[in-house]
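**Student:** Below is a structure I'd like to ask you about.
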Amino acid sequence: MEVALLFAMIVGLLLMGVPIAVSLGLSSVLFLLIFSDATLGSVAGTLFEAFEGHFTLLAIPFFILASSFMTTGGVARRIIRFSIACVGHLPGGLAIAGVLACMMFAALSGSSPATVVAIGTIVIAGMRQVGYTKEFAAGVICNAGTLGILIPPSIVMVVYAAAVEVSVGRMFLAGVIPGLLAGFMLMVTIYVIAKVKNLPKGEWKGLDEIASSMLEASFGLFLIFIILGGIYGGVFTPTEAAAVAAVYAFFAAVTIYRDMGPLKGKPWLEDDERDEFGLGLRVVVFGLIGFLLHYFASSTDPDALYTRELGLMVGLGWVVICVLTGWALLAFPARRALLATLITAVLALVPMAMALVALVPAAADGISGLMAELVPASMVSHVTFALTTLLALLVALMVALPPIIFTYSLDGSAREAHAVQASYASSLGGGTMRFARGIGYSIVGLVLSFVHKDTKKTLFEAGKLTVTLLFVIAFALILKHVLTEQQVPQHIAGAMLSAGFGPVMFLVVVNVILLIGGQFMEPSGLLVIVAPLVFPIAIELGIDPIHLGIIMVVNMEIGMITPPVGLNLFVTSGVAGMPMMSVVRAALPFLAVLFVFLIMVTYIPVLSTFLPNTIMGPEIITK
């Protein structure tokens with residue numbers, strides 16, 4: 001009876017227009033004061049203890065700060081250019097590129113609204129210019145932006161992991177396949193609509209444009225490897241990875257991209273220098289990065305496999321390769337395409353073969369064991385072969401990407417240098433001088449940026465967003481404490497199990513609760529409340545806690561694009577300059593795709609559990 005009054009109080013305050021956080025907190029505090037022996041002092045102690053036990057939440061401010069630095073810069077513009085270079089030539093190419101750009105930016109920001117603002121501001125206007133309707137453009141970006149909380153790193157995943165005390169690393173791994181699948185389903189839907197409605201498509205600009213655009217975007221996308229590589233390589237905890245990501249994002253925005261701070265608008269090469277010295281600058285950058293990577297990868301231990309002396313020799317050899325590649329591509333313009341292909345093949349074949357030999361056999365054994373539990377025995381070998389082949393192709397593509405970027409970005413710069421009849425000596429010498437000049441500017445700019453108005457503004461905006469989010473989480477934690485103290489999870493679990501609910505029906509109920517709640521509440525606050533309620537029941541029914549977490553995150557995705565308080569709807573409305581109900585109607589066709597995706601994620605658990613179980617093992621529940 002008391003708990004019913006608590007929920008009635010929360011609903012009543014929400015209907016009166018009281019903010020969600022205040023409704024949760026005020027109702028919970030009043031409940032504790034009236035129905036228990038608590039005092040205001042003990043309530044404050046309860047709030048402190050609730051936060052004290054969730055150190056993982058410390059990652060949230062750092063992820064928000066990293067996202068803020070990435071959003072203020074031109075990272076989104078560079079990611080969009082790369083996406084258009086990859087898929088812009090397909091029917092509906094710009095819309096598909098918008099989804100691909102949202103997927104990549106989602107891996108930087110961990111936030112759906114930030115993804116919609118950063119990508120939608122550019123893509124929606126671009127789609128309108130080439131003939132798409134405003135409604136179609138808004139519907140695409142509104143739905144694709146939801147991938148911001150599914151593709152790791154995700155702030156919502158951090159909140160779920162803290163609420164039920166599971167591994168953040170496993171949650172991030174679990175989001176990879178569902179995130180890619182959701183993006184692929186949206187892109188296929190756009191492609192089909194484009195073929196039916198004959199929507200515009202762009203031109204194929206060649207590998208040069210792909211390599212050049214990816215090179216520009218790579219310093220931003222490297223943030224993904226810092227976070228995920230640091231966590232799974234055992235270098236950082238998730239909280240430490242978030243802190244390092246924030247520092248790197250600040251460094252990249254100020255010194256590399258120069259989209260904020262005292263160097264804003266001061267490129268590494270001026271417009272009149274780009275054609276002549278671009279090739280030389282890229283040769284210097286590639287050579288220096290490769291040399292440093294080999295140097296730091298080597299060991300000072302004389303008995304090590306890769307000693308410091310060997311690292312220096314290989315690093316210097318790589319510098320020579322860079323210099324000779326730039327020279328060859330400029331000196332033989334008639335054979336440039338053949339040279340680029342041969343150089344790429346030579347650089348890619350050896351590491352590709354090593355990667356395939358090292359990874360594929362072990363992966364095939366793991367896939368075979370997993371498939372033995374999921375498919376009939378007669379199909380195990382065929383499914384294992386198909387999945388292993390797909391994995392081999394993905395590994396080959398990932399290994400081949402760096403040589404492709406290296407060779408074809410130099411190829412594009414060589415074309416520009418040849419067009420202005422620049423000699424290789426002048427290009428290399430001028431590029432080296434511009435690089436040294438840029439390093440000097442960057443050092444000075446980095447020091448001055450600590451007190452620059454752009455940095456202060458970014459920190460202030462990130463702080464406001466952090467306080468807003470943690471304000472909701474704080475009061476949701478008090479409500480969670482009240483529900484736990486009243487043994488509500490145990491009562492719900494007993495009622496469901498005694499009613500004969502199995503895993504299928506239980507997951508239906510969870511989806512319904514979250515879909516309804518997601519229409520009225522912010523995702524993080526809703527997860528803090530609901531997750532501890534349904535978690536014990538899921539464990540009783542044998543449902544993997546990581547699988548449950550991904551189901552909840554996908555429900556939060558859908559909640560962000562359903563009225564009345566779907567945050568992505570409001571953000572898209574502002575970006576596109578459309579009434580919110582028009583955005584709702586525009587999002588409906590793609591919302592249907594996300595509902596199908598929700599069903600798949602709910603009842604095909606291997607989509608969520610394959611990567612975390614394969615790489616880190618299953619989640620062990622100790623409480």
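The values are calculated or read from the model by the stated rules, or taken from the named source; none is laboratory data. Owing to the predicted nature of the structure, the values given are computational and were not obtained by experimental measurement. When we count neighbours, we look across all protein chains shown, and the Cβ atoms used for this are built from the backbone with ideal geometry, even at glycine. These area figures cover heavy atoms from the full protein model, side chains too; ligands, DNA and RNA do not enter into them. Shrake-Rupley method; radii C 1.70, N 1.55, O 1.52, S 1.80 Å.
**Student:** Taking the range 254-266, which residues are in a helix (DSSP H, G or I) and among the aliphatic types (A, V, I, L, M)?
**Tutor:** Selection gives V254, I256.
**Student:** Could I ask something else about it? For residues that are more than 24 Å from H418 (Cα to Cα), of a type in the set (F, W, Y) and assigned to a helix (DSSP H, G or I), tally how many sit in the range 282-317.
**Tutor:** Counting residues in the range 282-317 that are more than 24 Å from H418 (Cα to Cα), of a type in the set (F, W, Y) and assigned to a helix (DSSP H, G or I) gives 3.
**Student:** Ok, one more. Consider V375 carefully, then state whether it is among the β-branched types (V, I, T), touching a helix residue (DSSP H, G or I) at 6+ places or on another chain (Cβ under 8 Å) and within 29 Å of A340 (Cβ to Cβ).
**Tutor:** No: the conditions fail for V375.
**Student:** A further question on this structure: Looking for something assigned to a helix (DSSP H, G or I) and surrounded by fewer than 17 Cβ atoms within 10 Å (Cβ to Cβ) - is there at least one such residue anywhere in the range 473-484?
**Tutor:** Within the range 473-484 (the criterion being assigned to a helix (DSSP H, G or I) and surrounded by fewer than 17 Cβ atoms within 10 Å (Cβ to Cβ)), the answer is yes, since at least one residue qualifies.
**Student:** Out of (1) modelled with pLDDT of 85 or more; (2) open to solvent by less than 20 Å² (accessible area, probe 1.4 Å); (3) not aliphatic (A, V, I, L, M), the odd one out for K195 is which?
**Tutor:** Of (1) modelled with pLDDT of 85 or more; (2) open to solvent by less than 20 Å² (accessible area, probe 1.4 Å); (3) not aliphatic (A, V, I, L, M), only one is false for K195: (2).
**Student:** Could you tell me how many of the residues in the range 322-332 are surrounded by 14 or more Cβ atoms within 10 Å (Cβ to Cβ) and either without any contact (Cβ under 8 Å) to a residue 24 or more places away in the chain or over 23 Å from M398 (Cα atoms) (or both)?
**Tutor:** Summing the residues that are surrounded by 14 or more Cβ atoms within 10 Å (Cβ to Cβ) and either without any contact (Cβ under 8 Å) to a residue 24 or more places away in the chain or over 23 Å from M398 (Cα atoms) (or both) in the range 322-332 gives 7.
**Student:** Please determine, by comparing only the residues of the range 251-303 that are of a type in the set (K, R) and either over 22 Å from R415 (Cβ atoms) or in contact with a Gly (Cβ under 7 Å, 6 or more places away or on another chain) (or both), which one is most open to solvent (accessible area, probe 1.4 Å).
**Tutor:** Ranking the qualifying residues of the range 251-303, first place goes to K264.
**Student:** Among the residues that make up the range 524-546, is at least one of them among the polar types (S, T, N, Q) and open to solvent by 20 Å² or more (accessible area, probe 1.4 Å)?
**Tutor:** no
**Student:** Something else now. Out of the residues in the range 552-570 that are surrounded by fewer than 24 Cβ atoms within 10 Å (Cβ to Cβ) and touching a Leu at 6+ places or on another chain (Cβ under 7 Å), which is farthest from I599 (Cα to Cα)?
**Tutor:** For the range 552-570, the residue satisfying everything is P563.
**Student:** State all residues of the range 430-454 that are in a helix (DSSP H, G or I), in contact with a Pro (Cβ under 7 Å, 6 or more places away or on another chain) and open to solvent by less than 70 Å² (accessible area, probe 1.4 Å); if no residue qualifies, say none. Full working, then the answer.
**Tutor:** Going residue by residue through the range 430-454, those that are in a helix (DSSP H, G or I) are 430-449, 453-454.
Going one step further and asking which of them are in contact with a Pro (Cβ under 7 Å, 6 or more places away or on another chain), we end up with 445, 448-449.
The answer is G445, S449.
**Student:** Of these, G517, G502, G494, which one is of a type in the set (G, A, S) and either under 26 Å from the mean Cα position of the chain (by Cα) or surrounded by 18 or more Cβ atoms within 10 Å (Cβ to Cβ) (or both)?
**Tutor:** G517
**Student:** Also, I was wondering about something else. Taking the range 565-616 on its own, how many of its residues are outside any helix (DSSP H, G or I), more than 19 Å from G120 (Cα to Cα) and modelled with pLDDT under 85?
**Tutor:** So the first thing to find is which residues in the range 565-616 are outside any helix (DSSP H, G or I), and the list is 565-566, 577-579, 604-605, 616.
Next cut, more than 19 Å from G120 (Cα to Cα) only: 565, 604-605, 616.
Now narrow it down to the ones that are modelled with pLDDT under 85: 565, 616.
Of the residues in that region, 2 qualify.
**Student:** Enumerate the helices (runs of 4 or more DSSP H) found wholly within the range 167-253, keeping only those where 3 or more residues are within 27 Å of F590 (Cα to Cα).
**Tutor:** Helices (runs of 4 or more DSSP H) meeting the threshold: 168-174, 176-197.
**Student:** Ok, one more. If I go through the range 1-46 residue by residue, how many of them are aromatic (F, W, Y) and surrounded by fewer than 18 Cβ atoms within 10 Å (Cβ to Cβ)?
**Tutor:** Kept after step one, since they are aromatic (F, W, Y), are these residues of the range 1-46: 7, 31, 35.
Right, trim to surrounded by fewer than 18 Cβ atoms within 10 Å (Cβ to Cβ) and you get 7, 35.
Qualifying residue count for the region: 2.
**Student:** Residues that are in a helix (DSSP H, G or I) and over 23 Å from L526 (Cβ atoms): does the range 146-160 have at least one? Spell out how you get there, then give the answer.
**Tutor:** Going residue by residue through the range 146-160, those that are in a helix (DSSP H, G or I) are 146-149, 155-160.
Checking which are over 23 Å from L526 (Cβ atoms) leaves us with none.
Within the range 146-160 (the criterion being in a helix (DSSP H, G or I) and over 23 Å from L526 (Cβ atoms)), the answer is no, since none of the residues qualifies.
**Student:** Starting from residues that are out of contact with any Leu (no Cβ under 8 Å at 6 or more places or on another chain) and not in a helix (DSSP H, G or I), keep the ones in the range 68-100 and report whichever is surrounded by the fewest Cβ atoms within 10 Å (Cβ to Cβ).
**Tutor:** The residue in question is H89.
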